[in-house]
1. What residues have an amide H closer than 5 Å to that of Asn268, excluding those fewer than 5 places away on the same chain, when H is modeled at 1.01 Å from N in the peptide plane?
2. Fully extended, how many nm does the chain gain between His21 and Thr61 (0.36 nm per residue separation, minus their Cα-Cα distance)?
3. When all C-alpha to C-alpha distances in the chain are sorted into bins of 10 Å, what percent of pairs does each bin hold, rounded to whole numbers?
4. Amide H to amide H, which residues 5 or more places from Thr147 or on other chains are under 5 Å from it, using H placed in the peptide plane?
5. Enumerate the calculated ³J(HN,Hα) couplings along segment 196-207 in order (Karplus 6.51 cos²θ - 1.76 cosθ + 1.60, θ = phi - 60°), each rounded to whole Hz, writing x wherever the residue is Gly or Pro.
6. So if each residue of separation counts as 0.36 nm, and I subtract the Cα-Cα distance between Ala676 and Thr213, what length gain in nm does that give?
7. With a ≥ b ≥ c taken as the square roots of the eigenvalues of the C-alpha gyration tensor of segment 311-444, please select rounded if a/c is under 1.5 and otherwise prolate if a/b is larger than b/c or oblate if it is not?
8. On each of the three principal axes of the Cα atoms of segment 44-104, give max minus min coordinate, whole Å, ordered largest first.
Amino acid sequence: MSQPQPVYLSDYQPPAYRVTHTALTFDLDPARTCVEARLTVERHPDAEAGTPLYLHGEQLTLEAVSIDGEPLADDAYRQNDKGLTIDAVPAAFTLETRVRIAPEANTALEGLYQSNGMYCTQCEAEGFRRITFYPDRPDVMAVFRVTVIGDARREPVLLANGNPVERGELDGGRHFVTWEDPHPKPAYLFALVAGDLACVEDRFTTMSGRDVTLQIWVEEENLGKTDHAMASLKRAMRWDEERYGREYDLDRFMIVAVNDFNMGAMENKGLNIFNAAAVLTHPDTATDGAFQQVEGIVAHEYFHNWSGNRVTCRDWFQLSLKEGFTVFRDQSFTADSNSSALKRIQDVAFFRTAQFAEDAGPTAHPVRPESYIEITNFYTLTVYEKGAEVVRMLKNLVGWDAFRRGSDLYFERFDGQAVTIEDFVGCMAETSGQDLSQFMRWYQQAGTPEIDAHGEYDYVNAEYRLTLRQRTPATAGQQAPEPLHIPVRMGLIGTKSGHDLTLTLDGEKRGCDTVLHLREPEQTFVFTDVAEAPTPSLLRHFSAPVKLHFPYSREDLAFLLTQDSDGFNRWEASQRLAMLALNDLIAAHRNGVEKVMDSRVVDAYRTLLDAPAADKAVLAEMLRLPSEAYIAEHQPLVDVDAIHAAREFVRQSLGFALRDAFETLYRANQSDEPYAPTPEQIGRRSLKNVALGYLMAVEDEAGIALCQAQFDAGHNMTDVRQALTLLVHSGRDDLSAPALKAFGDKWAHDPLVMDQWFSLQVSRPQAEVLDRVKYLMAHPAFSLRNPNKVRALLGTFAQNRVNFHRLDGAGYTLLADAVIELDRLNPEMAAGLMTPLTRWRRFDDTRQSLMRAELERIKDRPLSANVFEMVSKALG
Ligand code: ARG
Ligand code: ZN
C-alpha cells in the first residue's frame, strides 16, 4: 500500500469547474443502493479550456457515465481508488453518472450507511465522495434536488434537505419523495434519512413573521424524550435572532436521532443528523450534564445554519472559521440561558485539561493547520475549542458592538460563499478600525503560550508594577514562535480592605477591571495611585487560552477565594489553592514521606462551606478538586500513581475534617420536587452530589447509607448515577455488585443508559478494572461498531489513569488491540481512541517504552490513513 500523502494549505487552487445544479436519485437497498446523479457543470471563467474534470469518488461501483446524454467511451475517462478524471469536456454541460453502493457494509459511518436498519448519511468532511462522483470540496456549491425511493413499509419516512416537493407510490411496494433545497450548498451539507421513524412537531415564528415547522425524528420508543431538545431549539432560534440578527431561512427544520454516529451531530442544511445521545433526554435516563449537553449541541448545529452553511469554508484548513465561531456562539447561548459563571468554569476546566494536553503532544497543530493527511483527524479540541477562545478574544478586543457589526458584515458580504479566516477577521478589523495582524498569529501558531507574571508594590510612590513575560513553546511545525497579542483581563484587590481598587494606568482611570494588551515578549504595566498593597486577580474569565504563572501564596489564594469580585476567579483561586496542596502531596508521595494535609487549605474550604453562596453550582465547582488529568497537565513529568494518591488523600482529608459540614450541605440541598433541568435545580443537585462524594470518601457507614438511599430512591438519573458511581468506586463490592446488577437489568433495553452503565464501571480505581473491560467487551449490549459504546467502555478506560497506565503495560496492550481491530471497521473512531497512547512522552521511562512498543506494534499493521497519521506523528 502506498503511504498516504499530506495536503497543504499553500497548495490551494480554486476549482476549475463549478456545479450549479445537482439532481440525485437514490434507489435504496442495503447491499446495492443505486445512485444516479445529474450535475450541471460550468468551467470557471479563469480556467483554461481543455482542463480535465476531476471528480472525487471512493468505494463506488460505476455503472454508467455520460455527458449531455452521450455515454462516454471507455478511453474518455480514467478511474482510480480516489476518483475519476474526464479529459475533454465542454465549457458547460450536463454530466450523468450511475453508481452502486452498499450502505449495510459501511462501518466507517461516513457516506450513506445503516444504523438500526435506518438509512442515514454523514458527509462532512469528505463523505459525499462515497455516495457519488462529485467535486467534493466545500468551495463547490450547488442547488440540490433529491429523490429518495424506498420500501413503503420498511422506510415509510424518506427525508432530505430542504422542502418536499413531490411524493408518490411506485410498483413493488416502493414509494418516493422528492426534496428541493433552494440554498446552494457544498456536498458536505447533503443529507438523506430513510426509515421507520416517528416525529414530534412544533412551530416557530421567525422575527419577520415566517412560520417554520420544527420536527424531531426518532424511533417510536423515544418519542417521550424529545421535549428538552425541542425547547432548546426554539430558544436557540430566538437567541440567534436577538443576539446576531440571524433568521431561519427554510420552511422546515428537522433533527433526526441515530444510534450509530461518530460525533455529536451534523448541521446538514434543514436536516440536522444527531447522535441519539445528543438529542434524547428524560429525567429518568439522562443526567443534568446530558441535558446541558443536548441544549448546547442543538444550539450549535442550529447556529451553523449561518456560521457554516450560508457562509461556509473555502477549504478544510479553514474549518475553525465555522467551528470556532459556532462553538463561541453556542457557549454564549448556554451562558445566557443558565449560570454564566458556571458555563465558563466548565468550559475552562475542560479546555485546560484536554486542549492543553493536545497542544503539548505530538498531534499539536495551529487553530488553522497548514497540512493534514486525513481531515477527519482535525475535528479537534484545538480547531473547535481553542478556535472558540480565539473568537472570544477577538470579541473582547474589539468590543461587542464592533464584533456584532463585524458579524453582520461577514454574513452580508459573504452570503452564499466559501471563504477564509482572513475574511472573517478582516470584517472585525474593518468595523473596529483595529489592526489585527499580530492577532492572526493565534490561528497560525500551535502550543499553549505561558505567561510569567510578577508584581511589586511600591509603598512610597503608591505604585504597583506588574510585569508579564510571554513565551510559546516550540512545536513540531514551529521552531520559533512569535509573540502573540494576548488580552489579560485583571483587577487589583486591596489586601487589607478586601475592596476592588480603581486602576489608573498611564494616567488613565480604568475602573476596577481592565484588559491589558500584552504584545511584546515582556511588558511592565505601572498602576499609579494604588492606595494599599494589592493582591492581583489575573486572567479573569480566562481572557486568553494561556497558562499564567504568578507566585501566589496560600494566603493570597485563600483571600481571593472569598474576596475576588470576579466569580470565575474565585473558582480559579480554589483550583490554584488545591493545586498547591496537591503538588506538596505529590512530592511527599514520591519521596516516601508521610502525607500531611495543609490546614490552611482545610480552613479555606471550611470558609466556603460556612459562607452562604449565591450560586450553588459555582460553589459546587469550587469544592470539586482538579481532576487527575488536569493535575497531570501541570506536571513536567506525569507521575500517575503519585497524582492519584495525592488527590485521594486530599479528598479523604477534606471529607474527614469537614464531614459534618458536608452532611449539612447534603441535607440542605435535598429535595423531592419534580425534576426540571433549571439552573437552580442543577446547582442544588450538583452541590449535594459533590458533598456526597466527600461523605463517601470518609468510608463510614453513615455516608454509605446516604448514598445507598439516594440510589434506591431513584429520583432522577443525576442522583442515581452519582450514587451508583460512588458505590462502585468505593470498592465495597458487597454494595456495588447488587446495585450494578439492578441498574443493568432495569435499563438493558436503553442503549444510552447502558453507555453510562459501561463507563461508570471502568472508571473505578480498583485494579480488576482491566479484566472488567475485557469481560464487558463480550457483553451483548457492547459493540465495536457503535461509537457510543466504544467511547463509553474503551474511551473511559483510557481516561482511567491508574488502570490504563498500569505498570505491566496491560492497559496499553488492551487499547492497542482495540485500535487495530476498530481500524478495520471505523478509522475515524480508531484514530480518536488511540489518542492517549500518543502522549507517551509525558510519562516515566518505563511507561514510555511500554507505550512506544504498542505504537510500534500498531504501526506495523496495514492501517487506515487516519491511524497512520496519528501513529506517525506520535512516533515521529
Ligand atoms: N460539523 C459537525 C459539527 O461540529 C461535525 C462534523 C464532524 N465530522 C467528522 N467526520 N468528524 O457540528
Ligand atoms: Zn460544528
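The values are calculated or read from the model by the stated rules, or taken from the named source; none is laboratory data. Remember, it's a predicted structure, so these values are computed and weren't measured experimentally. Note: ideal-geometry Cβ built from the backbone for every residue, glycine included; neighbour counts use all protein chains shown. Accessible surface areas use protein heavy atoms only, side chains included; no ligands, DNA or RNA. Shrake-Rupley method; radii C 1.70, N 1.55, O 1.52, S 1.80 Å.
1. Amide H neighbours of Asn268: Ile273.
2. 12.1 nm
3. Distribution as computed: 2, 12, 21, 25, 21, 12, 5, 2, 0, 0 percent.
4. Leu24, Thr25, Phe26, Trp179
5. So the J values, rounded to whole Hz, are 9, 10, 10, 9, 10, 10, 8, 9, 9, 9, 6, 4.
6. On the way: separation 463, 0.36 × 463 = 166.68 nm, distance 2.57 nm.
Gain in length upon complete extension: 164.1 nm.
7. oblate
8. Cα spread of segment 44-104 along its principal axes, largest to smallest: 42, 22, 19 Å.
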